[in-house]
Each structure stands twice: as structure tokens, then as C-alpha cells.
Amino acid sequence: MRQLRDGFRLRHVQDPTTDLALRNFSTGSDRHAQAVNELIGRQVTGEARHKARVVVMEQDDPLGETLGVAAWRTERLPGTNPSLPDVYIHALGRSEQFCAHLLPDGRSVGHALLAETLIDIARISGRASMPLVWAYVARTNHKGHRLYDSFDFHHRRLRGGKRFTYLPRWVFPVRGDAIRFLPAHPLARC
Ligand SMILES: CC(C)(COP(=O)(O)OP(=O)(O)OC[C@H]1O[C@@H](n2cnc3c(N)ncnc32)[C@H](O)[C@@H]1OP(=O)(O)O)[C@@H](O)C(=O)NCCC(=O)NCCS
């Protein structure tokens, strides 16, 4: 693991179609990374079916190099109470060049990115409780599963072979892919 000297800041992307950080973003080249690249790419080209809130985590120095990108939107987890606005993290990836890097506080970039995304969700939701947050993770995406494991996300296995309407049309779930979700819970107030 390589150690980074600088901390980070989170930036909300006002217009994904003109944001240079998004245009140049890549989280890697394996199948899972490519799916995330594609999802972010569609926000950039404006082809995305769903508008998302996109956040960029960047180094807290004058260059502000992109450490990672996450995108989320309100979307009900199938089978849950429709009156509650669940949140779906539909893309999350740390930048390829920061693979296996630790921040000065000892967290990996991906770990900090998910933590910051959850804080962003809590802040924007503006409620006394955290909404249910969920994500779709392919069976073979071990790094993705490890990340959600470390935040105690629950695991719901998908049967596969069926279209899952909340995914992009070009993603076909297979047996063993999973929904990872963190149930709604009250927020601690200080
Ligand atoms: C999932 C993801 C965000 C995790 O990011 P991350 O926590 O920064 O970890 P990295 O992927 O950079 O980890 C690289 C290596 O460092 C190791 N590592 C991570 N955190 C560590 C820590 N705190 N201490 C020691 N090693 C650590 C990992 O085990 C991994 O080793 P491996 O390649 O041998 O498996 C990242 O892998 C990613 O962006 N993947 C592509 C997109 C994706 O799959 N997104 C999730 C789907 S929703």
C-alpha cells in the first residue's frame, strides 16, 4: 500500500456534462471497473437515464487530483416500504492511479469515498434518520463486497437471469450478484 501525504475534499459536481474530472475519470479496466466507468461516462455524455448526484473526492492540494467518484440517487429498493425515499448508490470507484493507496488517516481511498458518500447522503436527506442505502454488487466483485462488508451493509443475493429494472439496460444480473444495503437508522445527534 502506498501512503498519501495530503488529505482530501469532496466536491459536488454541478454539471456532469462539463466537468473535466469526470471526463478524465477511470477507476480501472476490469469488468467491474468498466461498468462504473460506463455509468459515469453516461452522466458526462448526458445519455444517463437517471440524473444522479455526483460527487468527486479530490486531493486537498492546489492540483486537486481526482481520488474517486461516486453517484447516487433516490430509488426504492424493491420490496421495501414505498413511502420512504431509499438511496441507491449507482456508481462508486476510486481513481485507477490511486489503487492501493492509503490516506493520511490510514483509510483506503475507496473506504473514505464510501464514508463521505454516506455523509453526503445524510446531509442532503436532511432528516433525523439515515435513509436505507443500497447498491448492486456483482458476485465476483470481491473488492466491492469487502468495501460494503466493512460498513456492515447487509447482503441480499439475487436469483439472476431476470432483468432487474433499476440497473442500466446493458447490465445483466447473473446468479450470485447481490444487493448490498444498509437499513434506515436514526442519526446520532451531538
Ligand atoms: C471497490 C473499491 C472502491 C475499493 O477501493 P479501495 O478500498 O481504495 O481499495 P483498492 O481497490 O485500491 O485496493 C487495492 C488493494 O489494497 C488492499 N487494501 C485496501 N485497503 C487496505 C487497508 N486499509 N490496508 C491494507 N490493504 C488494503 C486491498 O485488499 C487491495 O488488494 P488486492 O488488490 O490484492 O485485493 C475499488 O476497488 C474500486 O473503485 N473498484 C472499481 C469499481 C468498483 O468495483 N466499485 C464498487 C462497485 S459498486
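The values are calculated or read from the model by the stated rules, or taken from the named source; none is laboratory data. These figures come from a predicted structure and were not determined experimentally. Ideal geometry is used to build each Cβ from the backbone, glycine not excepted, and the neighbour counts take in all protein chains shown.
Here are some notes:
- Hits in the stretch 15-37 (condition: assigned to a loop (DSSP other than H, G, I, E, B) and over 17 Å from residue 144 (Cα atoms)): 15, 16, 17, 18, 19, 24, 25
- Inter-residue pairs, beta-carbon under 6 Å, first under 23 Å from residue 44 (Cα atoms) and in the stretch 88-103, second within 7 Å of the ligand (Cβ to nearest atom) and of a type in the set (A, V, I, L, M, F, W, C), 6+ apart: 89/135; 91/36; 93/36; 94/109; 94/113; 98/109
- Failed item, numbered, when residue 74 is tested on (1) modelled with pLDDT of 95 or more; (2) within 14 Å of the chain's Cα centre (by Cα): (1)
- Candidates are the residues of the stretch 1-18 that are within 18 Å of the chain's Cα centre (by Cα) and in contact (Cβ under 8 Å) with a residue 12 or more places away in the chain; the one that is nearest to residue 104 (Cα to Cα) is 8.
- Note on the stretch 114-156: residues that are more than 16 Å from the ligand (Cβ to nearest atom) and at positive phi amount to 1.
- Filtered by the rule that a residue be touching a residue at least 60 places away in the same chain (Cβ under 8 Å) and closer than 25 Å to residue 5 by Cβ, the stretch 21-66 gives 25, 26, 27, 28, 55.
- Summed over the stretch 5-14, residues that are surrounded by 12 or more Cβ atoms within 10 Å (Cβ to Cβ) and assigned to a strand (DSSP E or B) total 4.
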